[in-house]
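What follows is a single structure, written as structure tokens, with notes after it.
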Amino acid sequence: MAKARKRKLPLVTVESSSSNSSTPLSGRTTIRQFHVLSKRRAQLKAGTTNEESVEALAAVEDEITQLGGLETYQRMSAIGQGTDRGGGSEKILIKWLKDFGLHKNRACKLCLLEVGALKPDNYSTCATWIDPTPLDLRSRHPSIIEQDFLQLDVTAHRNKWDILSLSLVLNFVPEPKDRGMFYITTYLLELRLNESRTNAVNCA
Ligand SMILES: C[S@@+](CC[C@H](N)C(=O)[O-])C[C@H]1O[C@@H](n2cnc3c(N)ncnc32)[C@H](O)[C@@H]1O
């Protein structure tokens with residue numbers, strides 16, 4: 001007699017995917033659930049393919065859909081970036097750059113590649129000294145380039161940016177191998193901050 005297959009329990013408990021409201025706790029829960037499911041999906045895709053793994057992958061994909069997918073994840077993350085919740089992490093990068101005096105006496109603006117940009121105007125307060133290029137896997141605004149950073153043509157973009165922001169992006173990436181690829185891609189892009197710092201000093 002064929003063995004009855006045990007029905008697998010969902011990995012996470014999805015409460016509501018379509019809600020626009022978010023408390024800090026529900027937002028964090030959705031973000032955490034999305035990370036758990038993405039990690040499981042990546043493991044299943046990387047593992048051996050058999051009837052059970054195909055079924056498990058379909059179940060995980062289904063849970064991700066119920067959660068609202070990347071769209072909901074991004075919405076919750078953007079809400080978490082709101083000024084009422086302490087603001088986005090760009091605040092920290094701006095402070096670091098100012099601490100280095102990079103905002104002063106610039107001959108030209110600092111070109112910044114912002115990977116994982118949820119909003120198009122995170123650097124609008126620094127428009128006189130930062131020229132940002134916002135980019136994301138899924139664009140939420142026409143000014144945000146929809147592009148997988150790991151698929152960027154590094155030859156075409158070499159020496160184009162001074163600064164690269166990967167803020168809260170690496171923790172999104174489930175596979176260690178892909179996290180490593182972020183560093184390799186960054187290296188291959190050959191950022192030119194040293195040159196810009198020299199410019200900044202020369203103009204002081
Ligand atoms: C937590 S959000 C980023 C939040 C924002 N950068 C901040 O500091 O608050 C992570 C974002 O990274 C994006 N992302 C993940 N992997 C990516 C990749 N390979 N290329 C481009 N964007 C990516 C996701 O689509 C998501 O919008």
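The values are calculated or read from the model by the stated rules, or taken from the named source; none is laboratory data. Treat the numbers as computed from the prediction; the structure is a model and nothing was measured. SASA here: full protein model, heavy atoms, side chains in, ligands and nucleic acids out. Shrake-Rupley method; radii C 1.70, N 1.55, O 1.52, S 1.80 Å.
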With all protein chains present, the range 24-83 has a carbon and sulfur share of its accessible area (1.4 Å probe) in percent of 54
At q = 0.12 Å⁻¹, the log10 of I(q)/I(0) for the range 24-83 from a Debye sum over equal Cα scatterers comes to -0.33
With every protein chain in place, the accessible area of I144 for a 1.4 Å probe, in Å² rounded to the nearest 10, comes to 10
Stretched fully, the stretch from T65 through D99 gains (0.36 nm per residue minus C-alpha distance, one decimal, in nm) 8.0 nm
Of the accessible area of the range 93-204, computed with a 1.4 Å probe and all protein chains kept, carbon and sulfur make up a percent value of 54
The rounded separation in angstrom of the Cα centers of the range 133-184 and the range 61-96 is 16
Note on the range 24-83: contact order normalised by length, alpha-carbon pairs under 8 Å, 6 or more apart, percent, works out to 55
Under the Karplus relation with 6.51, -1.76 and 1.60 and θ = phi - 60°, whole-Hz ³J(HN,Hα) for the range 141-150, x at Gly and Pro, equal 7, x, 7, 9, 6, 8, 7, 7, 3, 6
Karplus ³J(HN,Hα) for the range 159-165 (6.51 cos²θ - 1.76 cosθ + 1.60, θ = phi - 60°; Hz, whole; x = Gly/Pro) runs 6, 9, 10, 8, 9, 10, 9
Listed by chain and number, the residues whose amide H is under 5 Å from that of I145, excluding neighbours fewer than 5 places away on the same chain and using placed H, are L135, D136
Once phi for every residue in the range 121-133 is put through the Karplus expression 6.51 cos²θ - 1.76 cosθ + 1.60 (θ = phi - 60°), the whole-Hz ³J(HN,Hα) values, with Gly and Pro written as x, are 10, 4, 10, 5, 6, 10, 4, 7, 10, 10, 10, x, 10
The relative contact order of the range 88-203, taking Cα pairs under 8 Å that sit 6 or more residues apart, comes to a percentage of 28
